[in-house]
Amino acid sequence: MTPPAAEAAQPAPAARRGRAARAVVAAAVLLALAAAWVLWRNVVGEESVLAHDGTALRHVDADADPTTLARGEYLARAGNCLGCHTARGGPPGAGGRAVATPFGTVFSSNLTPDDETGIGRWSASEFRRALRHGRSRDGRLLTPAFPYPSFALVTQEDADAIFAWLTSRPAVRQPNRPHELRFPYGLQASLAVWRALFFRPEPFAPDPTRSAAWNRGSYLVNGLGHCLACHSARNFLGAPAPSTQAGGAIVSAQHWYAPSLAELHEAGVADGPPEDVVALLGTGTSARGSAMGPMAEVVARSTQHLTASDLRAMAEYLRSAAGAAAGAAQGGPVATPAPAQVMARGRAIYTDHCAGCHGPQGEGTPGIGALAGRRALRLRTPHNVIQAIRHGGFLPATTGNPRPFGMPPFRGVLRDDEIAAVASYVRGAWGNDAGAVDAMDLWRAR
C-alpha cells in the first residue's frame, strides 16, 4: 500500500500531460524555426529569373553574336562542360554520363537546345540560376555532384556567353536519366538541408592586393575550372573542406586520388617553376610529372585548349595558394616500409615487366618518365600507383604532345599479391621511401 506522503509527491496526471504538451509544442517550434532557416538559406542571394514585369522569361536573352559564341565555347572548355555532359559514345552535350559518388550514381543532364529534353526553352537567367545556385528551371534543387558551389563564382557575363554557345549547338532529343541515389540523399529536403549547411552563393571578388593574373588564376581554379571540386578533402556528407586545408580526395568514379594542391609533398607547386604547371596543364606532361587517370581527361578536354596567359595565371595562383608553405613544413606522412621479402619480390616483378621502359633504377628512358624521386609515387595513398598498374597509365594526346607513350594494363598479367609487391617496391625504392601496399589497399582502390 502506497504511503499517503508518497501519493502526494507523485505529479498529477494533468500536470504530466501539461509538461508533455509543452515539450511537443517546444519541439514543433524548434522544428519550424529549423525549417524556416533551411528555407531562407536556400533562397538568400539567389537571383530572380523573372522579367521586370514579374513574368517568366522564356527566350534566349543572351547575346549570340560570333564573338560571344567563340567566347562561350572557350569558357565551356575551361569548365569542361561537355566532358561531364557527354556519355561514352553519345552525342556531345546530350548528357547521360554516369558519375559515381559515395551516395549513389548521378547522371549528367542534356545541355543541347532541344525543347523537350534539353535547355531549348530555358532563358539565360534560368541557366545562370542553375549554374550559380544549383536550382533547375522548374525549381528543383540540383545535386552538388554538379559543382555549382564552384560555379557560384562565375560572372554573369561568362554564364551568359556559355549559355549562348550551348544554345547555338545542334539539338539532340535524349531524355535525362533519373539519378540512382540511396535514400535519403536524393530527396529535395535532404538537398535543401545540405545547401543550408554548406552552400554560400558568393560571387567572385577580386583581391585588390593581388595582380590581375593572380585574380584570373583564382577565378579559373576556384570557380570556372572547379579544380577544388576534386582536389579538396570532403566530410562525411560530401561537402568540400576549405581550400587551405590539407588533404586531397578520392575521385569516386575511377578511384584515383586527386592530391592536395596545398601540400608540397602532394601536388603543391610553390617550390617549382611556373613553366612546369603550364606544361602539365597544356600538354599533359612536365618535368615534375604527367597527367593520368581523370586528370588526363581534364587536360585533353579542357586545359590544353586554354590560352598561354590563362595557364600562366593558374600557375601563378597555384604557386601562391594558401597552405603551400605549411605543407612544406609538414613534410610527407610517416611511412611504414615494406618487408624485405616483399621488396625482393617486387624488384623481381619490376625487372621482368617494368625496367625495359622505366629503367633498371627507375631513371626512365627517352620519352618515358622516371620513377625515382617521383612525387606521385610518394602520395599518402597508393591508389594511383595501383590503378596505373591495373588499368594502365595513359597520358592525354594533346597538341603539345600528340603521340604520348602509354603504359599497358597489367591486371590480366599480375595477380593482386604481385601488384601489391611491385607497387610497394616502386614506392619504396630509389629513395622514394613511401609506405608499403597491402591487400586492403588493393581492395580500397577497387
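Only the coordinates and a few stated rules stand behind these numbers; no lab work does. Bear in mind the structure is a predicted one, so any value in this text is a computation, not a measurement. Every residue, glycine as well, gets a Cβ built from its backbone with ideal geometry; the counts of neighbours run over all protein chains shown.
Between R182 and A98, the modelled label-to-label distance comes to 1.7 nm, taking each label 7 Å out from Cα in the direction of the beta carbon.
Put a dot 7 Å past the Cα of R140, heading toward its Cβ, do the same for A32, and the two dots end up 3.1 nm apart.
Considering only T303, T381, G272, and ranking their Cα positions along the charge dipole of the chain that arises from unit charges at the beta-carbon of Lys, Arg, Asp and Glu, the one farthest toward the positive end is T381. Each of H255, H231 was scored by other Cβ atoms within 10 Å of its Cβ. Listed from fewest to most, they are H255, H231.
Highest GNM mean-square fluctuation among D138, D114, D207, for the chain modelled with Cα contacts below 10 Å: D138.
If you take all other residues with their beta carbon under 9 Å from the beta carbon of H265, and give Lys and Arg +1 and Asp and Glu -1, the sum is +1.
Multiplying the residue separation of T399 and F107 by 0.36 nm and removing their Cα-Cα distance gives an extension gain of 102.1 nm.
On full extension, the segment bounded by A344 and A15 gains 110.7 nm, given 0.36 nm per residue less the C-alpha separation.
Other residues within the sphere of radius under 10 Å centred on the Cβ of S136, judged by their own Cβ, net out at +2 (K and R +1, D and E -1). Taking a Cβ cut-off of under 13 Å around A87, the surrounding Lys, Arg, Asp and Glu residues balance to a net charge of +3, with basic ones at +1 and acidic ones at -1. For the chain, a crude dipole built from +1 on the beta carbon of Lys and Arg and -1 on the beta carbon of Asp and Glu, taken about the Cα centre, is about 1060 debye to the nearest 20.
Once both labels are positioned 7 Å from their Cα atoms along Cα-to-Cβ, the gap between F236 and Q156 label points is 4.2 nm. The residue among A27, G364, S232 whose Cα reaches farthest toward the positive pole of the charge dipole of the chain, with charges on the beta-carbon of Lys, Arg, Asp and Glu, is A27.
List the chymotrypsin sites (Phe, Trp or Tyr not before Pro) in segment 342-446 that DSSP assigns to loop (not H, G, I, E or B) and whose Cβ has at most 16 other Cβ atoms within 10 Å. Which are they? Counting only loop positions with at most 16 other Cβ atoms within 10 Å, the chymotrypsin sites (Phe, Trp or Tyr not before Pro) in segment 342-446 are F405.
Summarising the overall dimensions of segment 340-444 from its C-alpha atoms, the Rg and Dmax are 13.3, 44 angstrom. Placing unit charges on the Cβ atoms only, positive for Lys and Arg and negative for Asp and Glu, gives segment 340-444 a dipole magnitude near 260 debye about its Cα centre. As a length-normalised measure over Cα pairs under 8 Å and 6 or more apart, the relative contact order of the chain settles at 12 percent. As a length-normalised measure over Cα pairs under 8 Å and 6 or more apart, the relative contact order of segment 212-330 settles at 31 percent. Between Q156, Q174, Q341, the residue with the greatest mean-square fluctuation in the GNM of the chain (Cα pairs under 10 Å linked by springs) is Q341.
At an R0 of 35 angstrom, the distance between the Cβ atoms of A205 and R121 translates into a FRET efficiency of 0.60.
At a threshold of 8 angstrom on Cα-Cα distance, excluding pairs fewer than six apart, so keeping six or more, what relative contact order does segment 340-444 reach in percent? Value for segment 340-444: 32 percent. Which residue, chosen from W122, A98, V154, occupies the Cα position most advanced towards the positive end of the dipole of segment 95-201, where the dipole is computed from +1 (Lys, Arg) and -1 (Asp, Glu) charges on Cβ about the Cα centre? Of the candidates, A98 comes out farthest on the positive side. Annotation: the residues T68, T303, sorted from fewest to most other C-beta atoms within 10 Å of their own C-beta, follow the order T68, T303.
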